[in-house]
2 protein chains.
Amino acid sequence: MKTNKNELEAIFPQDEKGSDQYFTGNSYNYTLVDVDSVFTTAIGNVYFEPGARSNWHSHPAGQILIITDGIGYHQIEGQPIEIIKKGDVVKCPPNVRHWHGASPDVGLQQLYIVPNTEKGIVVWQEAVTNEQYRK
Amino acid sequence: MKTNKNELEAIFPQDEKGSDQYFTGNSYNYTLVDVDSVFTTAIGNVYFEPGARSNWHSHPAGQILIITDGIGYHQIEGQPIEIIKKGDVVKCPPNVRHWHGASPDVGLQQLYIVPNTEKGIVVWQEAVTNEQYRK
């Protein structure tokens, strides 16, 4: 099934458009697992159109990303941007600032897993500037 | 990328063949996130060939499955078999017996997420009989 603009493999629908308050460009969230007290885990899929990315943010219990298609960027503050692509897994430790999104020319399909949500889910911060994104 | 026998979409390689002690038929695990004390979450992918399935088992903190391709079965003890397919998410609560695997004719690609691994990961039990599988 190749349904979206970049002919990426779409496993999940594009549901809720990411708010301009937290994302630059067009991104679409699809919630897979709502937070509850049994699994204490938030899971969903985000499709980032080319050039789209999250703001800087952190997670009180950290975050795991699983890339299912496309090419994107992940940056932990103070480290170089990592190129992420289909099949990759990246982790961001608790309370560490990071951002993630698509590459300029190819979109990104990524699952996110936020464990131990009893500690909190996400703390949103400022946008990633064009200069930071193009490094 | 359509690389395996059923022309399913393979995001991850087939790594470690599931032990005959815990699986019927051919299944292949690929570990994505090893257990640690930071994320306390075990994540991996299992490809089940047609007809392959796990034994009955339970998880002290429960399990979440995300189906990325193919068609399979999931059964929680005492409930009917559920058909699971690409895009589906199923949960098994803590300490509840279940099994999962491929349908007889089409394989299954599934991610598993085991949260709160400090409580334990998996308790393996007896094989799913052909009679149970064919219900």
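Here, each number is a calculation from the coordinates, and none is a lab measurement. Quantities reported herein were computed from a predicted structural model and do not represent experimental measurements. Glycine also receives a Cβ, built like all others from the backbone with ideal geometry; neighbour counts cover every protein chain displayed.
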On a C-alpha basis, how far is the centre of the range B:94-135 from the centre of the range A:33-111 in Å? Whole number, if you could? 28 Å
Going by amide H atoms built from the backbone, whose H comes under 5 Å of the H on residue B:23, apart from near neighbours? B:55
Residue B:32 long-range amide H proximity, modeled H, under 5 Å: B:43, B:44, B:45
Asserting the computed 222 nm helical MRE of chain B (DSSP H runs at least 4 long, -39500 (n - 2.57) per run, divided by residue count, to nearest 500) equals -500 deg cm²/dmol
Would you please give the residues with an amide H less than 5 Å from that of residue B:88, counting only those at least 5 places away or on a separate chain, with H modeled from the backbone geometry? B:67
Chain B: radius of gyration over Cα atoms, expressed as a fraction of 2.2 N^0.38 Å: 0.97
Sum up the lysine pairs in chain A that clear both bars: alpha-carbon distance under 30 Å and a spacing of 8 or more or different chains. 20
Hey, could you grab the Kirkwood Rh for the protein assembly as shown? Inverse mean 1/r over distinct alpha carbon pairs, Å, one decimal. 19.1 Å
Out of the range B:57-135, which GluC sites (Glu not before Pro) are coil in DSSP terms and have no more than 16 other C-beta atoms within 10 Å? B:77, B:126
How high is the relative contact order of chain B, in percent, counting Cα pairs under 8 Å that sit 6 or more residues apart? 30 percent
At residue A:118, label 7 Å along Cα→Cβ: distances to the other copies, nm, ascending? 0.8
Identify the residues of the range B:101-133 with backbone N under 13 Å of a label point that sits 7 angstrom from the Cα of residue B:82 along the Cα-to-Cβ direction, or state none. B:101
